[in-house]
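K.L.:
Handing you a structure now.
FYI, it's all coordinate maths here, none of it is from the lab. Quick caveat, the model's predicted, so the values are computed rather than measured. Every residue, glycine among them, receives a Cβ derived from its backbone with ideal geometry; neighbour counts consider all protein chains shown.
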Amino acid sequence: MKRGMKRILFVASEAYPLVKTGGLGDVLYSLPHALHGRGADIRLVLPGYRTLLHQLDQVRILGWLDVRGAEGIVSARILESSHPDFAFPLWVIDCPSLFDRPGNPYVNAGGHDWPDNAERFTVFARVAALLAQDALDIGWQPEVVHTHDWQTGLVAAFLDEQPVRPKTVFTIHNLAYGGHFSNSDFVRLQLPSHWWSSEGVEFHGGFSMLKAGIVYADTVTTVSPTYAAEICTPAFGYGLDGLLLSRRHKLYGILNGIDTGIWNPSTDPYLSAHYSMGRVQPGKRRNKQALLERFLPNVDDAAMQAPLLGLVGRLVEQKGVDWVLAVIPVLLAETDVRIVLLGSGQALYEQKLTRLAKQHPQRLFVEIGYDESLAHQIEAGSDMFLMPSRFEPCGLNQMYSLRYGTPPIVYKTGGLADTVVDATEASLDDGSATGFVFDKPEVADFLHAIQRAIECYRQPKTWRRLQQSGMRQPFDWSDSANHYLELYSL
């Protein structure tokens, strides 16, 4: 079989546009499509959440599979569906007692984990592992099973029990979420007793589904080369750094891509004006004006000439929002910048930002929540983009910003370190600079990076070169897809 014609079963807990809570959903749309475009034969397995089932039109029942749950046998109905947004069949594990409920895939309305998550994702993994062995005898068996994040960590472990099985690949999108459960969950779910060891799934007296993926998968990947190195250290390893270091031989960092069809300033339907690398300024200017008009009754020359700093993201400590809150008063007092922020997260950060915006209605614009249209407008209308994450496995917004000619200001970590080249004298001279990078996790260093960006912004020729250099970066999925195909063939 030609290398590009592999049969690949993707197993995940979310995929855009059917169900999405973060970047994981985006990847599960883009990567399988990039591989499909290279001739791979793909199936994608998802849990039958209520919101997902509502979006399926034509559905065929492939069969039923009975597996062990927490209280005995659970029956799952396997549905196959074609969906206009997907170029390949979707397989849905329909198990109403576990997945047919309102709201978020992982947490209830109060923001707490569903109490039966251990059972939900163990049953999901058991059924997915059976599908990988063609248990329904439908004549399609994958050569590679590619699983994603803790929710699918047990799939590789179940397949490891089989004498003949497909190759398994496990991708860590964010090591901070480990899928940790208790010993009593382990016992109730009747998981194989030989898994219960420090070399298996046991983790500090409980068990971790993420650890299972790392231990039992043939290959482990994560979403940027720098993050692959970082998670092997105590600072980023969440207690799994020793294990990851011992598995370094099978750990690879492959940078995510972005959907350059959706994120394209020359065609983006959310923008007031389209623009391209050759003619950045007029388009950026019109988008900036439209963005400011959303928040200001009157947009004068001073507002148009002042640098506009944008931020779109979760308002949590990981994203450096406390650093942002610390620099805002200094920037408002010492510079003429305007700042626009879109996001939601910890109530404390939401309240502080909202209060500051009320005190400075001409300078600071805050929208709590998420608005896809506004997110695109901020990328296009801002002059520079703030993304001071303390850690960032890959990050997508810095790539959107580069593509939109909006140089990002980032902390040197994970995918941010791999995608943004700091604007030093040398890198500006040779045309490789794309943004502003600070390498100490301190407020003062973040502020200094912003000040450097403002200084550069005051030099229009240099700034235009910086914008164009960022817009020239190839952030589509083609490189990443080729890396994965190579891995699948190892």
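K.L.:
If R0 is 41 Å, what FRET efficiency do you get for GLN162 and ASP57 from their C-beta distance, rounded to 0.05?
P.N.:
Details: r = 35 Å, r/R0 = 0.84.
That gives a FRET efficiency of 0.75.
K.L.:
Given +1 on the Cβ of Lys and Arg, -1 on the Cβ of Asp and Glu, and no further charges, what dipole in debye does the chain carry about its Cα centre, rounded to the nearest 20?
P.N.:
Details: 44 positive and 53 negative charges, 148 e Å.
With only Lys, Arg, Asp and Glu charged at Cβ, the dipole is about 720 debye.
K.L.:
May I ask for the equivalent-ellipsoid semi-axes of region 120-170, computed as the square root of five times each C-alpha gyration tensor eigenvalue and listed largest first in whole Å?
P.N.:
Working: eigenvalues 55, 29, 19 Å².
With the √(5λ) rule applied to region 120-170, the semi-axes are 17, 12, 10 Å.
K.L.:
What number, in percent, do you get for the relative contact order of region 426-490 if the mean sequence gap of Cα pairs under 8 Å and at least 6 apart is divided by its residue count?
P.N.:
Values: 28 pairs, mean separation 23.3, N = 65.
Contact order relative to length: 36 percent.
K.L.:
When only Cα pairs under 8 Å and 6 or more residues apart are kept, what is the percent relative contact order across the chain?
P.N.:
12 percent
K.L.:
Going by average Cβ neighbours within 10 Å, how do the peptides 221-228, 285-292 rank, with the highest at the top? Walk me through the numbers before you get to the answer.
P.N.:
Numbers: 221-228: 23.2, 285-292: 19.8.
Ranked by mean Cβ neighbours within 10 Å, highest first: 221-228, 285-292.
K.L.:
Roughly what % of Cα-Cα distances in region 34-122 sit above 19 Å, to the whole percent?
P.N.:
On the way: 1832 of 3916 pairs.
In whole percent, the share of Cα-Cα pairs in region 34-122 beyond 19 Å is 47.
K.L.:
Using alpha carbons only, what's the Rg to Rh ratio of region 252-306 with Rh from Kirkwood? Could the numbers behind the result be given before it?
P.N.:
Numbers: Rg = 14.9 Å, Rh = 13.1 Å.
Reported Rg/Rh (Cα atoms, Kirkwood Rh): 1.14.
K.L.:
Another question, then. From the alpha carbon gyration tensor of region 209-353, can you work out the equivalent ellipsoid semi-axes (sqrt of 5 times each eigenvalue) and give them in Å, largest to smallest?
P.N.:
Values: eigenvalues 315, 98, 33 Å².
Taking √(5λ) for each Cα gyration eigenvalue gives 40, 22, 13 Å.
K.L.:
Can you spot the lysines whose alpha carbon is less than 19 Å from LYS284's alpha carbon? Ignore those fewer than 8 places along the same chain.
P.N.:
LYS461
K.L.:
Could you tell me how many cubic angstrom of Cα convex hull volume region 274-344 has per residue?
P.N.:
Working: hull volume 8.6 nm³, N = 71.
Per-residue hull volume (Cα only) is 121 Å³.
K.L.:
Also: Find the centroid of the Cα atoms in region 115-174 and in region 184-247, then give the distance between the two in whole Å.
P.N.:
Comparing the Cα centres of region 115-174 and region 184-247, I get a distance of 16 Å.
K.L.:
Given a Förster distance of 56 angstrom, what is the FRET efficiency for GLN289 paired with LEU136, based on the Cβ-Cβ distance and rounded to 0.05? Please list the in-between numbers first.
P.N.:
On the way: r = 57 Å, r/R0 = 1.03.
The calculated FRET efficiency here is 0.45.
K.L.:
Over all directions, how big on average is the projection of the convex hull of the alpha-carbon atoms in region 280-471, in square nanometres?
P.N.:
9.6 nm²
K.L.:
Let me ask something additional. Which values, in whole Å and largest first, are the semi-axes of the equivalent ellipsoid of region 419-479 obtained as the square root of 5 times each eigenvalue of the Cα gyration tensor? Let's see the in-between values first.
P.N.:
Values: eigenvalues 86, 52, 17 Å².
Working through the eigenvalues yields semi-axes of 21, 16, 9 Å.
K.L.:
Here's something else I'd like to know. Could you give the length gained by full extension between LYS412 and ARG355, i.e. 0.36 nm per residue of separation minus their alpha carbon distance, to one decimal place? Provide the component values of the computation, followed by the final result.
P.N.:
Values: separation 57, 0.36 × 57 = 20.52 nm, distance 2.99 nm.
Working it through step by step, the gained length comes to 17.5 nm.
K.L.:
If I take R0 = 25 Å and measure r between the Cβ atoms of HIS448 and LEU325 in this structure, what FRET efficiency does the formula 1/(1 + (r/R0)^6) give, to the nearest 0.05? Before the final figure, lay out each step's value.
P.N.:
Values: r = 17 Å, r/R0 = 0.68.
Between HIS448 and LEU325 the formula returns 0.90.
K.L.:
Could you rank the peptides 350-359, 236-245 by their average count of other C-beta atoms within 10 Å per residue, with the highest value first? Spell out each step's value before the answer.
P.N.:
Working: 350-359: 15.1, 236-245: 17.1.
By packing density, highest mean first, the sequence is 236-245, 350-359.
K.L.:
What is the extension gain from ARG314 to ASN264, computed as 0.36 nm multiplied by their sequence separation minus the C-alpha to C-alpha distance, in nm to one decimal? Mind showing how you got there, number by number?
P.N.:
Numbers: separation 50, 0.36 × 50 = 18.00 nm, distance 2.27 nm.
Difference between extended and current length: 15.7 nm.
K.L.:
Let me ask something else. Under 17 Å from a point 7 Å along the Cα-to-Cβ line of ASN104: which residues of region 316-348 have their amide N that close?
P.N.:
Counting only backbone N, you get 316-319, 343-348.
K.L.:
When the dipole is taken about the Cα centre of region 280-471, and only Lys, Arg (+1) and Asp, Glu (-1) are charged at their Cβ, what size is it in debye, to the nearest 20? Before the final figure, lay out the partial values.
P.N.:
Numbers: 21 positive and 23 negative charges, 83 e Å.
Roughly 400 debye for region 280-471.
K.L.:
Which percent, to the nearest 5, of DSSP beta bridges fully inside the chain are antiparallel?
P.N.:
Values: 22 of 67 bridges.
Bridges in the chain that DSSP calls antiparallel: roughly 35 percent.
K.L.:
Please give the peptides 450-461, 106-117, 391-402 ranked by average Cβ packing (other Cβ atoms within 10 Å per residue), highest first, as a rough proxy for protection.
P.N.:
For the peptides 450-461, 106-117, 391-402, the packing ranking is 391-402, 450-461, 106-117.
K.L.:
Per residue, how big is the convex hull of region 1-154 when only Cα atoms are used? Give it in Å³.
P.N.:
105 Å³
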